[in-house]
Amino acid sequence: GESVGLHLPTLSVQEGDNSIINCAYSNSASDYFIWYKQESGKGPQFIIDIRSNMDKRQGQRVTVLLNKTVKHLSLQIAATQPGDSAVYFCAESSGTYKYIFGTGTRLKVLA
Amino acid sequence: GAGVSQSPRYKVAKRGQDVALRCDPISGHVSLFWYQQALGQGPEFLTYFQNEAQLDKSGLPSDRFFAERPEGSVSTLKIQRTQQEDSAVYLCASSLSAGELFFGEGSRLTVL
């Protein structure tokens, strides 16, 4: 079946550097994508979303890029801070209420 | 309340016991979801409610799992005759309609 996966299970970055978290999806019918942040012991928290009619969307310190040709999604975090340490999930939907989550990437911010 | 509230936060059950997990969604949110999250994995869809109607229960692993939302607000996920493989975090999420899901902090179930 369709799946959403991530290339890197763990990413370590220096505080202040930019982080890039990648995600590959396999369902070409997916038209809505979300990035979630999950801190230890908490539920996933919405970060940013993007629809398939866009290639890029920016938020506060975060940017999501969508490449539909290769079915790839990335989350860029500018000036990474210790509070950004968490597990990040991408999720996709094909026009329905059902979201499929990837396995997750753990981001570690080094002081 | 301000966010999605789940209880209990932690539950330890002996194999074979029944458990009930409660979710209190954000007031006014029509849609309610249950997800199961195994350790080190992403959340996996269990079931979906629109108001009191359970529109999709395709993700429930077995007939030991049952969910209800009788008045279109609070929901309960019940697991009968728990097994060790049921150990996971059970996440509840709500939303106004399609779009951003607001998750609770989850109920961590450990079956011994």
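The values are calculated or read from the model by the stated rules, or taken from the named source; none is laboratory data. Not measured: the values here are computed from a predicted model. Here Cβ is always computed from backbone atoms with ideal geometry, including for glycine, and neighbour counts include all displayed protein chains. These area figures cover heavy atoms from the full protein model, side chains too; ligands, DNA and RNA do not enter into them. Shrake-Rupley method; radii C 1.70, N 1.55, O 1.52, S 1.80 Å.
Each Lys or Arg adds one and each Asp or Glu subtracts one; over the other residues with Cβ under 11 Å from the Cβ of B:S107, this totals +3. Separation of the alpha carbons by more than 18 angstrom is noted, of A:K37/A:K71; A:K71/B:K57; B:K57/B:K78, for A:K37/A:K71; A:K71/B:K57. Each part reduced to its alpha carbon centroid, the range B:1-49 and the range B:63-78 end up 10 Å apart.
Peptides A:25-33, B:39-47 ranked from most to least packed give B:39-47, A:25-33, packing being the mean of other C-beta atoms within 10 angstrom over each peptide's residues.
Return the loop-located chymotrypsin sites (Phe, Trp or Tyr not before Pro) in the range B:48-97 (DSSP other than H, G, I, E, B) with at most 11 other Cβ atoms within 10 Å of their own Cβ; answer none if there are none. Intermediate results must be reported in sequence, preceding the final value.
Numbers: sites: B:Y48, B:F49, B:F65, B:F66, B:Y90; in loops: none.
Passing sites in the range B:48-97 do not exist.
Solvent exposure of the range B:23-95 amounts to 43 Å² per residue of accessible area, where only protein heavy atoms count and the probe is 1.4 Å. For the range A:15-57, the carbon plus sulfur part of the accessible surface works out to 38%, probe radius 1.4 Å.
Dipole size in debye (nearest 20) for the range A:9-57 around its Cα centre, Lys and Arg Cβ +1, Asp and Glu Cβ -1? Mind dumping the intermediate values first?
Values: 5 positive and 6 negative charges, 28 e Å.
That gives the range A:9-57 a dipole magnitude of about 140 debye.
Only protein atoms count toward the accessible area here, which uses a 1.4 Å probe; on the range B:70-112, the carbon and sulfur part of that area reaches 48 percent.
Evaluated over the Cα positions of the range A:60-111, the convex hull gives a direction-averaged projected area, one quarter of its surface, of 4.7 nm². Only the Cβ atoms of Lys and Arg (+1) and of Asp and Glu (-1) were treated as charged; on that basis the dipole of the range B:1-77 about its Cα centre amounts to roughly 380 debye. Over all Cα atoms in the protein assembly as shown, the spread is summed up by Rg and Dmax: 17.6, 50 Å. Values of log10 I(q)/I(0) for the range A:29-103 across q = 0.23, 0.26 Å⁻¹ run -1.10, -1.32, by the Debye formula with one identical scatterer at each alpha carbon and no solvent. With a 10 Å cut-off around each Cβ of B:52-59, the average count of Cβ atoms from other chains is 1.
Around B:A20, under 12 Å between beta carbons, what's the net of Lys plus Arg minus Asp minus Glu among the other residues? Here the charged neighbours net out to +1.
Other protein chain C-beta atoms within 10 Å of residue C-beta, averaged over A:31-39: 2. Remark: spin-label model distance A:S26-B:A38 equals 1.6 nm, labels positioned 7 Å along the Cα→Cβ axis. Just the Cα atoms of chain B, one point each, no solvent: what log10 I(q)/I(0) does Debye give at q = 0.12, 0.18, 0.20 Å⁻¹? After summing over all Cα pairs, the log10 values are -0.36, -0.82, -1.01. Projecting label points 7 angstrom from Cα along Cα→Cβ for A:K56 and A:N18 puts them 1.0 nm apart.
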